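Below is one structure, written out as structure tokens; comments come after it.
The values are calculated or read from the model by the stated rules, or taken from the named source; none is laboratory data. Here the structure is a predicted model, which means the values were calculated and not measured. Neighbour counts are summed over all protein chains in view; Cβ atoms, including those assigned to glycine, are modelled from backbone coordinates with ideal geometry. Just so you know, the surface numbers come from the protein's heavy atoms only, side chains and all, with ligands and any DNA or RNA stripped out. Shrake-Rupley method; radii C 1.70, N 1.55, O 1.52, S 1.80 Å.
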Amino acid sequence: MNDDVSEEREVDPTVDPDLEPETETGPPAVIAAGHINWDVTIHVDELPERDGETRIERLEQSGGGSAANVAVGVVGLGGQSIVFGSVGGDESGALALRELASAGVDPGHVLVDADAPTSVTYVIVDGNGELLMLANEGANESFSAGDLDRETLAAADHLHLTGQQPETAAALATTAAELGPTRSFDPGRRVTDRGYDAALHAADLVFVNDREADALADATDIDPRAPDDRVVAVKHGGDGATVHTPHGDVSHPGFDVDAVDTAGAGDAFAAGFLGAALREPAIADGGFTHDPREYQVPLLVANACGAIAAGTVTARADLSWDRVRSVMGESPEADLLIEIRA
């Protein structure tokens, strides 16, 4: 059945979760594992044709990489985060680590590979906010699961995995399942060609976009839009997102934004979702519930964070509860659509 959110549960998603008197959980402690890059973002009016040339309108350098972006976003929303990954022993790596530390992220578990360069990603953004990415692998997958001690993993509330070596993702996810932290995985565009099955099956929560959801449904036994035993957040680009659970779905059309750079929007979405979900007692105390009604606020916050990132020049969005409230405006819950299945 379809129900208006006000009939199901009264919520005020504009309230900072830190200030909700009924919430007894503290700031979530998240380990974000995966790529740590240095980004060079180049803005052009339009991409040139073959053998063509175009003028650079703006050039920015900043930290990047999905794991690093999520870690910074979680801190911006009042959480605690450790980033786990690897950089090279060069200036770009030093800059990336320095920027993470200045943002309040703990980079003390990052492996420095002196024999490889830090991965540098060149992001070319046209006047419509669409992008083209050029990247070298560098040192961003030099780390292994054994480089993160069990005590650090056990002390976290949540492990968020992004693109990395499949065996590393699987080992981290299965170890976290043994030690207690909940798990999420955003495998990215290579979701079906890297052998991520073990990590996907060990995750409580999976983040994919529509194209990745279709690929996952075609190539594995996981149906993202009708999951049997996990929660899946499917991002629809400018059209919002849907959270699918075994017991129903909740959707929101997103927030209007003049997109200038969509790089990092998915990472901001994940940071917002986790930053809100891990404060919900029904999720923080008992794992990722399959009741779709519990994901109303996380979905709203995630869509707001994705909109903030799409309106930001680089992939590293400056997330805060004040900015989330500003994007949401009044009564964003009116656009939620909930379907409950027995």
Of these, 276, 282, 270, which one is open to solvent by 40 Å² or more (accessible area, probe 1.4 Å), in contact (Cβ under 8 Å) with a residue 12 or more places away in the chain, of a type in the set (A, V, I, L, M) and not in a loop (DSSP other than H, G, I, E, B)?
282
Quick one: which of 70, 87, 83 is open to solvent by less than 50 Å² (accessible area, probe 1.4 Å), touching a residue at least 12 places away in the same chain (Cβ under 8 Å), out of contact with any Pro (no Cβ under 8 Å at 6 or more places or on another chain) and in a strand (DSSP E or B)?
87
Testing residue 242 on (1) in a strand (DSSP E or B); (2) open to solvent by less than 30 Å² (accessible area, probe 1.4 Å); (3) within 24 Å of residue 164 (Cβ to Cβ), one condition comes back false. Which one is that?
(3)
From 71, 101, grab the single residue that is in contact with a strand residue (DSSP E or B) (Cβ under 7 Å, 6 or more places away or on another chain), small (Gly, Ala, Ser) and at pLDDT 95 or above.
71
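Please state which one of 318, 228, 249, 258 is touching a residue at least 24 places away in the same chain (Cβ under 8 Å), part of a loop (DSSP other than H, G, I, E, B) and more than 18 Å from the chain's Cα centre (by Cα). Outline the logic, then answer.
Working: 318 fails: more than 18 Å from the chain's Cα centre (by Cα); 228 fails: touching a residue at least 24 places away in the same chain (Cβ under 8 Å); 249 fails: part of a loop (DSSP other than H, G, I, E, B).
Criteria check complete, one pass: 258.
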Test: residue in segment 96-117 that is touching a helix residue (DSSP H, G or I) at 6+ places or on another chain (Cβ under 9 Å), assigned to a helix (DSSP H, G or I) and open to solvent by less than 10 Å² (accessible area, probe 1.4 Å)
yes
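Table: residues versus (1) open to solvent by 10 Å² or more (accessible area, probe 1.4 Å); (2) in contact (Cβ under 8 Å) with a residue 12 or more places away in the chain; (3) farther than 23 Å from residue 89 by Cβ; (4) more than 19 Å from the chain's Cα centre (by Cα).
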{"position": "133", "(1), (2), (3), (4)": "yes, yes, yes, no"}
{"position": "137", "(1), (2), (3), (4)": "yes, yes, no, yes"}
{"position": "144", "(1), (2), (3), (4)": "yes, yes, no, yes"}
{"position": "158", "(1), (2), (3), (4)": "no, yes, yes, no"}
{"position": "182", "(1), (2), (3), (4)": "yes, yes, yes, no"}
{"position": "188", "(1), (2), (3), (4)": "yes, yes, yes, no"}
{"position": "195", "(1), (2), (3), (4)": "yes, yes, yes, yes"}
Regarding segment 145-155, can at least one residue be identified that is touching a Lys or Arg at 6+ places or on another chain (Cβ under 8 Å) and either modelled with pLDDT of 95 or more or closer than 17 Å to residue 278 by Cβ (or both)?
no
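A quick yes/no check of all residues on (1) touching a Leu at 6+ places or on another chain (Cβ under 9 Å); (2) of a type in the set (Phe, Trp, Tyr); (3) more than 22 Å from residue 41 (Cβ to Cβ):
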{"site": "259", "(1), (2), (3)": "no, no, no"}
{"site": "271", "(1), (2), (3)": "yes, no, no"}
{"site": "274", "(1), (2), (3)": "yes, no, yes"}
{"site": "297", "(1), (2), (3)": "no, no, yes"}
{"site": "310", "(1), (2), (3)": "no, no, no"}
{"site": "329", "(1), (2), (3)": "no, no, yes"}
{"site": "332", "(1), (2), (3)": "yes, no, yes"}
{"site": "336", "(1), (2), (3)": "yes, no, yes"}
Identify, by number, the condition in (1) under 23 Å from residue 211 (Cβ atoms); (2) among the hydrophobic types (A, V, I, L, M, F, W, C); (3) not in a strand (DSSP E or B) that residue 177 doesn't meet.
(1)
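Being closer than 22 Å to residue 157 by Cβ, among the β-branched types (Val, Ile, Thr), in contact (Cβ under 8 Å) with a residue 24 or more places away in the chain and open to solvent by 10 Å² or more (accessible area, probe 1.4 Å) is the requirement here; does residue 297 meet it?
Values: closer than 22 Å to residue 157 by Cβ: yes; among the β-branched types (Val, Ile, Thr): yes; in contact (Cβ under 8 Å) with a residue 24 or more places away in the chain: yes; open to solvent by 10 Å² or more (accessible area, probe 1.4 Å): yes.
Criteria met by residue 297.
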Consider residue 54 carefully, then state whether it is crowded, with 19+ Cβ neighbours inside 10 Å and outside any helix (DSSP H, G or I).
no
